[in-house]
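The values are calculated or read from the model by the stated rules, or taken from the named source; none is laboratory data. Every value quoted in this text rests on a predicted model; they were computed, and no experiment measured them. Cβ placement follows ideal geometry from the backbone for every residue including glycine, while neighbour counts extend to all protein chains displayed. Each accessible area value is taken on the protein alone, full model and side chains, heavy atoms only, with ligands, DNA and RNA left out. Shrake-Rupley method; radii C 1.70, N 1.55, O 1.52, S 1.80 Å.
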Amino acid sequence: MSQVLDAMFERKVKPQEHVIDQGDDGDNFYVVERGLYDIVVAKDNQSRCVGRYDNHGSFGELALMYNTPRAATIVATTEGALWGLDRVTFRRIILKNNAKKRKTYELFIESVPLLKSLEASERMKIVDVIGEKVYQDGERIISQGDKADCFYIVESGEVKILIKSKTMTSKEANQEVEIARCHRGQYFGELALVTNKPRAASAYAVGEVKCLVMDVQAFERLLGPCMDIMKRNITHYEEQLVAMFGSSMDLLDPGN
């Protein structure tokens, strides 16, 4: 960490300044100190904003890791400040550390059913951007009604998914009802990222739980090939809710 901090340099940016451009060679990795930055991807002669960094986050690592052109354009929409790390230092320090992480997660990622549809190189990119979080028994991992900012894969332990249903009319209408359990290799938190709606349910740890966590920007960049599988799962969720509550309104209009 101290080596990284010693090697970083500050870069001030102005509104509408392009920090990096899609298709360019990777030069630096950036950490956001302050400011708003749009992530713009051009495809089939059309540019689309796929996300935003809001006064925190980091970007630019993939081009440096894989010696590939920049996958997106990052445009500052306000005045801001970034801290950069050049390509040589990044590769020397970060990739050496990442090799250890790869060995730890490589076999696990390969065993996750959702990710089997990805190429081996695509799975390795996922290994490079995931983090690990540990939760204690009963701890709430996500809350129904919150804005979604990440996606979870259960590495160990068990996670229960609970929902407060708007369609329950009994006096216990505000009580959370368990609708699913997730075990090792299963995932949760994807629904709100696919539908761009608030969290439709809450998730709680059962015993000690370890989850691999991927932020929304990495989810959108790297899990595009899995989107069809996730959308098919939404149909399954709807059927579950209809069976339990007689309606799937909680998915169509999620909230507290």
Worksheet entry | Residue in the stretch 160-203 that is modelled with the highest pLDDT, counting only those that are closer than 17 Å to LYS231 by Cα and open to solvent by 70 Å² or more (accessible area, probe 1.4 Å) | GLN186
Worksheet, complete the sentence: When (1) assigned to a strand (DSSP E or B); (2) under 18 Å from the mean Cα position of the chain (by Cα) are applied to VAL75, the one that fails is (2)
Fill in: the stretch 18-56 - residue that is open to solvent by 30 Å² or more (accessible area, probe 1.4 Å) and of a type in the set (Gly, Ala, Ser) and, of those, farthest from PHE90 (Cα to Cα)
SER47
Worksheet item: Residues of the stretch 120-159 being free of Cβ contacts under 8 Å to residues at least 60 places away in the same chain, at negative phi and open to solvent by 20 Å² or more (accessible area, probe 1.4 Å), which ones?
Response: ALA120, SER121, ARG123, MET124, SER143, ASP146, LYS147, GLU155, SER156, GLU158
Item to complete: Answer yes or no as to whether ALA81 is open to solvent by less than 20 Å² (accessible area, probe 1.4 Å), closer than 23 Å to ALA148 by Cα, in contact with a strand residue (DSSP E or B) (Cβ under 7 Å, 6 or more places away or on another chain) and modelled with pLDDT of 90 or more.
Response: no
Worksheet item: Does ARG11 meet the test of being touching a residue at least 12 places away in the same chain (Cβ under 8 Å) and crowded, with 16+ Cβ neighbours inside 10 Å?
Response: no
Worksheet item: Restricting the stretch 84-110 to residues that are aliphatic (A, V, I, L, M) and over 30 Å from LYS12 (Cα atoms), which is most open to solvent (accessible area, probe 1.4 Å)?
Response: LEU107
